[in-house]
Amino acid sequence: MPERRTVALVTLGCARNEVDSEELAGRLEADGWHLVEDAEEADVAVVNTCGFVEAAKKDSVDALLEANDLKGHGRTQAVVAVGCMAERYGKELAEALPEADGVLGFDDYADISDRLQTILNGGIHAAHTPRDRRKLLPISPAERQSAGAEVALPGHGPVDLPEGLAPESGPRAPLRRRLDGSPVASVKLASGCDRRCSFCAIPSFRGSFISRRPSDVLGETRWLAEQGVKEIMLVSENNTSYGKDLGDIRLLETLLPELAAVDGIERVRVSYLQPAEMRPGLIDVLTSTPKIAPYFDLSFQHSAPGVLRAMRRFGSTDQFLELLDTIRSKAPQAGVRSNFIVGFPGESADDLAELERFLNGARLDAIGVFGYSDEEGTEAATYENKLDEDVVAERLARVSRLAEELVSQRAEERVGETLQVLVESVGSAGSGGEEDAAYGRGAHQAPETDGQVLFTSSEGLTVGRMVEAKVVGTEGVDLVAEPLPGSTVCTEEAAR
């Protein structure tokens, strides 16, 4: 019997990358690879890179170099780059980083097992020449579904697999293998983006927008529930566009109640929403459907009209505040988060003041602030009126300080509220270092980005339970909550 082949997947970047890694894990396991957590215990370390901004690219390179350092000191024989950075740069990355034994693009994912075996055997798989993936699908969204079968779409693995290829749980399972035991998992709604934001390169290497079939999304959600998942987070580059290539731009409003009805699922969260595409019907579903989190991850980016136009985006401070008022009139406890870019080319002092006016009035639960930097291949990189780096840095520090203050104030506003909290950690040190602490997240808190809830007591709490708790204090953006009597039983058991 040949010695078993081992592989470790190291994932950087967003939740979409996490889904892609689990699809790669499913493909590899189906072909006999043994998955291990630590790269030093693997024959091959596969690094799923991020290519979004400069800092993320640096993190990806560091992760590849760190994995390369394991060679010769343990089991690791090869290091392979996959993901957005590998897709975006291809041969250029391979030449600049000879420490990587392979640089694989999205088109290699279907044959990932063969590619890794070739590299492990000392062979060479030539890195691809990057191309604009928007050109791989028809311009018309209505024509993309039929063409999509010929294009590599990471995270769109089929749900009903042929006999012999399905994972151990049977042919109903998706082409996916979970890499952790968290009660939360992401599910891809779509890939790619049709928007043309002047600062963003993602559409060029992720391609045009294409939706997954509702039946595949539902099938994968049912499978995840069978694996013990209690909350799913729907991800894509733009969830508000879901269904437009399937002939129904309101398909998300139909799909959400079906996902919420999946046995075992306690909460459904939708991420990556475009403010300009928010519809009254979608707001209604997100704020009134049981088990759907009233959570709005709205990509505002700025609020000064002139800056937004230069970004190829739409809106204004007053329009955005009106949208938030509409949401909160339907769900006062709704959670809202957003990201912002400061120092964009041509941004004036008045523009910055307008952004600060919005932030002061928006009452956001979580705020990400980034300083502008050129991204090659984007329209904004060609703009004049670039701000000096020290001006960008000063504005970044200024708005970041304001954001930190505002999210702490927003957390304090929640003292006295009663939340449904999904328990995610019990009996281990939390972010504050407390031993035997119990942590979870409320409906207004997405994984890893929006803070968390620290329980005043861990007694009776277990990971995966939905607990009713009253907020009694704050620690910055995090909340401190007291479990209410009789609330430490998951809703499935309570229904019995």
Original post:
Can you give the helix-only mean residue ellipticity at 222 nm for the chain, where every DSSP H stretch with n ≥ 4 adds -39500 (n - 2.57) and the sum goes over all residues, rounded to the nearest 500 deg cm²/dmol?
Top reply: -9500 deg cm²/dmol
Original post:
What FRET efficiency would be calculated for the residue pair residue 390, residue 111, taking the C-beta separation as r and a Förster radius of 60 Å, to the nearest 0.05?
Top reply: 0.80
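Stick to the Cα atoms of the range 335-397, pair each with every other, and give me the Kirkwood hydrodynamic radius in Å at one decimal. Mind showing how you got there, number by number?
Values: mean 1/r = 0.0790 Å⁻¹.
Evaluated over the range 335-397, this radius sits at 12.7 Å.
If you place +1 on the Cβ of every Lys and Arg, -1 on the Cβ of every Asp and Glu, and leave all else neutral, what size is the dipole of the chain about its Cα centre, to the nearest 20 Debye? It would help to have the intermediate numbers written out before the result.
Working: 52 positive and 84 negative charges, 299 e Å.
Rounded to the nearest 20 debye, it is 1440 debye.
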**OP:** Quote the relative contact order of the chain in percent (integer), defining contacts as alpha-carbon pairs under 8 Å separated by 6+ residues.
**Re:** 9
**OP:** Calculate the translational D of the range 317-447 in whole µm² s⁻¹ from Stokes-Einstein, where the hydrodynamic radius comes from the Kirkwood formula applied to all Cα pairs, the temperature is 37 °C and the viscosity 0.692 mPa s.
**Re:** 191
Original post:
What FRET efficiency, computed as 1/(1 + (r/R0)^6) with R0 = 22 Å and r the Cβ-Cβ distance, is obtained for residue 261 and residue 329, rounded to the nearest 0.05?
Top reply: 0.25
Original post:
Hey, what's the per residue convex hull volume over the C-alpha atoms of the chain, in cubic angstrom?
Top reply: 160
Original post:
If one puts a single equal scatterer on every Cα of the range 103-161 and applies the Debye formula without solvent, what log₁₀ I(q)/I(0) results at q = 0.13, 0.16, 0.27 Å⁻¹?
Top reply: -0.46, -0.65, -1.16
Original post:
So, with a 1.4 angstrom probe, what is the percent of accessible area on the chain that is carbon and sulfur?
Top reply: 48
**OP:** Under 27 Å Cα to Cα from residue 58, which lysines show up? Leave out anything in the same chain fewer than 8 places away.
**Re:** 71, 91, 188, 386
Original post:
Which whole-percent values make up P(r) of the range 52-115 when all C-alpha to C-alpha distances are grouped in 5 Å steps starting at zero?
Top reply: 3, 18, 27, 25, 18, 8, 1
**OP:** Using only the alpha carbons of the range 8-165, determine the length spanned along each of the three principal axes and report them from longest to shortest in whole angstroms.
**Re:** 52, 41, 29
Original post:
What does a probe at residue 135 reach in the range 179-219, counting residues whose amide N is under 16 Å from the point 7 Å along Cα→Cβ?
Top reply: 203-208
Subject >> Amide N proximity, the range 314-333 versus residue 357 label position 7 Å along Cα-to-Cβ, cut-off under 11 Å >> reply: 317-319
Subject >> Theoretical FRET efficiency, 1/(1+(r/R0)^6), r = Cβ-Cβ of residue 92 and residue 288, R0 60 Å, to 0.05 >> reply: 0.75
Subject >> Peptides 181-193, 106-118 ordered by average Cβ neighbours within 10 Å, highest first >> reply: 181-193, 106-118
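Can you give me the span-like helices of the chain, meaning DSSP H runs with 27 Å or more of Cα extent along the axis and Kyte-Doolittle mean at or above -1.0?
389-413
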Subject >> Burial order of peptide ranges 219-230, 377-388, 29-40, 198-209 (average beta-carbon count within 10 Å, highest first) >> reply: 198-209, 219-230, 29-40, 377-388
**OP:** Work out, step by step, the length gained on full extension between residue 379 and residue 462: first 0.36 nm times the residue separation, then minus their alpha carbon distance; give nm to one decimal.
**Re:** 24.9 nm
**OP:** Give, to the nearest whole percent, the P(r) tail of the range 187-250 beyond 15 angstrom, counting all Cα pairs.
**Re:** 55
Original post:
In debye to the nearest 20, how big a dipole does the range 364-446 give about its Cα centre with +1 on each Lys and Arg Cβ and -1 on each Asp and Glu Cβ?
Top reply: 340
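The values are calculated or read from the model by the stated rules, or taken from the named source; none is laboratory data. The structure presented is a predicted model; accordingly, all values stated were derived computationally and were not measured. Cβ sites come from the backbone with ideal geometry, for glycine too, and all protein chains shown count toward neighbours. Quick note on the areas: whole protein, heavy atoms, side chains included, nothing else; ligands and nucleic acids left out. Shrake-Rupley method; radii C 1.70, N 1.55, O 1.52, S 1.80 Å.
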